[in-house]
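This report concerns only the one structure given below.
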Amino acid sequence: MHNLQMVDLKRQYEKIKPEVDAAIQNVLSTAAFIGGPDVKAFGEELAQYLGVKHVIPCANGTDALQIALMALGLQPGDEVITPSFTYIATVEVVALLRLKPVFVDVHADTFNMDIESVRKAITPKTKAIIPVHLYGQSVDMEPLLALAAEHNIPVIEDNAQAIGGHYTFADGTKKMNGSMGIIGCTSFFPSKNLGCYGDGGAMFTNDDKLAEELRMIANHGQKVRYYHEMVGCNSRLDSMQAAVLRIKLRHLDEYCDARRAVADHYDAAFSGNKHIVTPARAANSKHVFHQYTLQLKGVSRDEAQKLLAEKGIPSMIYYPVPSHKQNMLKAFAENQQALPVTDMLTDCVISLPIHTEFTKEELEYVSSNFLAIVDQLSK
Ligand SMILES: *Cc1c(COP(=O)(O)O)cnc(C)c1O
């Protein structure tokens, strides 16, 4: 029997064990647990990989988003445009800072921000836009950046799910996800495409002044120790995680390719099935498939999940309740635009296992069982 996981980090670790163990041992023997040389080196290596000037590591992806918003110096009540169809952290930090989340809809085929919905949501109080490269695919950044520039609104990318992917502009220029907005944010949560063995996150920017500010905010508002210029927080990536990330960064492209190969298999297996809508791949995005999420049509999702589980196949719903219907946020959604696509997707999306360690046989097991289950439920 297969031991299938949504993400198989154990087998992934076994393949890089000698490198990882040596790196962790090195941190242990130097005892540079916080702010050690690995943190600096990782920041530089990631900056080079992404083609950005500055990488500012921090404690997790949620902090990265919060610190990015803090660095923009927004005032309470300022509006921040975000998709509702995202992980809660994107919107939560907006509310936490006493800013007003303004929800926009997404495209049904790519699950990503609908630029026309953004256009409708812009007001004179809009002070930031946070596109989320959901499930590993870039938001259509060119028209979004043009719209934002037209209104002089800064763009913060939530790149927690799409590191390693890139976007191609009409003139052929390619830019890595996270490097296109004024600030990019990511998470190194273990299951992310570039994940550590605990919590971690980072911010990216090409702006020297913003970089300094982000660093200060993440470090109690200080540049010189014990001289605090502004109210900040304490958000650090520790050396052990940085050491792990330095190794995993060297494998990131191959990890993304492995995920894409899983998606290719699923796409081919499910093509033509009228109850399954496979995820669209935008021509201008290199999709890195943090998730493989499809839409189930005319078939009970609950039943499908139950039958999958009986076969030992895990599945997940990302996300069962959209942000604008969450109890903590729904008051904001009153008098905002309707989000019919978000509501529709919430009811029909299902994510199948995807990771870097699948064998052909396991993949075949998942896809053939899923097809049989969909077939059975549609009768
Ligand atoms: C994971 C994730 C975050 C938050 O990252 P943490 O490291 O868990 O704080 C934010 N946004 C999106 C879209 C995510 O997937």
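Here are the numbers for the structure shown:
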| quantity | calculated |
| --- | --- |
| Residue among Gly51, Gly43, Gly77 that is away from the ligand (no atom under 16 Å from the Cβ), surrounded by 16 or more Cβ atoms within 10 Å (Cβ to Cβ) and small (Gly, Ala, Ser) | Gly43 |
| Pairs with Cβ under 6 Å, 6+ apart, first in the stretch 270-285 and in the same structural domain as Ala372 (by TED's automatic domain parsing), second of a type in the set (Asp, Glu) and open to solvent by less than 40 Å² (accessible area, probe 1.4 Å) | Thr278/Asp267 |
| Scan of the stretch 97-112 for residues that are among the hydrophobic types (A, V, I, L, M, F, W, C) and over 14 Å from Asp343 (Cα atoms), ordered by number | Leu97, Leu99, Val102 |
| Qualifying position, being in the same structural domain as Ala170 (by TED's automatic domain parsing) and at pLDDT below 95, among Gly73, Gly51, Gly43 | Gly73 |
| Check on Lys274, over 22 Å from Leu4 (Cα atoms), among the charged types (D, E, K, R) and assigned to a strand (DSSP E or B) | no |
| Helices (runs of 4 or more DSSP H) contained entirely in the stretch 322-379, each with at least 3 residues that are touching a residue at least 60 places away in the same chain (Cβ under 8 Å) and either closer than 14 Å to Ala263 by Cα or open to solvent by less than 30 Å² (accessible area, probe 1.4 Å) (or both) | 340-348, 360-377 |
| Number of the condition not met by His287 [criteria: (1) surrounded by fewer than 19 Cβ atoms within 10 Å (Cβ to Cβ); (2) within 19 Å of Glu357 (Cα to Cα)] | (1) |
| Count of residues meeting criterion [within 16 Å of the ligand (Cβ to nearest atom), among the charged types (D, E, K, R) and more than 17 Å from Val132 (Cβ to Cβ)] in the stretch 142-200 | 1 |
| Verdict on Lys297 being in contact with a strand residue (DSSP E or B) (Cβ under 9 Å, 6 or more places away or on another chain), in the same structural domain as Phe370 (by TED's automatic domain parsing), exposed (fewer than 15 other Cβ atoms within 10 Å of the Cβ) and modelled with pLDDT of 95 or more | yes |
| Scope the stretch 312-321; condition of a type in the set (A, V, I, L, M, F, W, C) and part of a loop (DSSP other than H, G, I, E, B); matching residues | Ile313, Ile317, Val321 |
| Search result, residues across the stretch 231-256 that are in a loop (DSSP other than H, G, I, E, B), open to solvent by less than 60 Å² (accessible area, probe 1.4 Å) and over 10 Å from Cys58 (Cα atoms) | Gly232, Cys233 |
| Odd one out for Leu308, checked against (1) under 30 Å from Ala121 (Cβ atoms); (2) surrounded by 18 or more Cβ atoms within 10 Å (Cβ to Cβ) | (1) |
| Contacts under 7 angstrom Cβ, first residue in the stretch 43-65 being on the phi > 0 side of the Ramachandran plot, partner more than 15 Å from the ligand (Cβ to nearest atom) and outside any strand (DSSP E or B), 6 or more apart | Gly51/Ser179 |
| Residues of the stretch 267-281 that turn out to be farther than 21 Å from Pro320 by Cβ and over 17 Å from the mean Cα position of the chain (by Cα), as a count | 9 |
| Which listed residue is modelled with pLDDT of 95 or more, over 20 Å from Lys10 (Cβ atoms) and either under 19 Å from the mean Cα position of the chain (by Cα) or not assigned by TED's automatic domain parsing to the domain that holds Phe33 (or both), from Leu252, Leu237 | Leu237 |
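The values are calculated or read from the model by the stated rules, or taken from the named source; none is laboratory data. Nothing here was measured: the structure is a model prediction, and the numbers come from that model. Glycine also receives a Cβ, built like all others from the backbone with ideal geometry; neighbour counts cover every protein chain displayed. Only protein heavy atoms, including side chains, enter the accessible area calculation; ligands, DNA and RNA are left aside. Shrake-Rupley method; radii C 1.70, N 1.55, O 1.52, S 1.80 Å.
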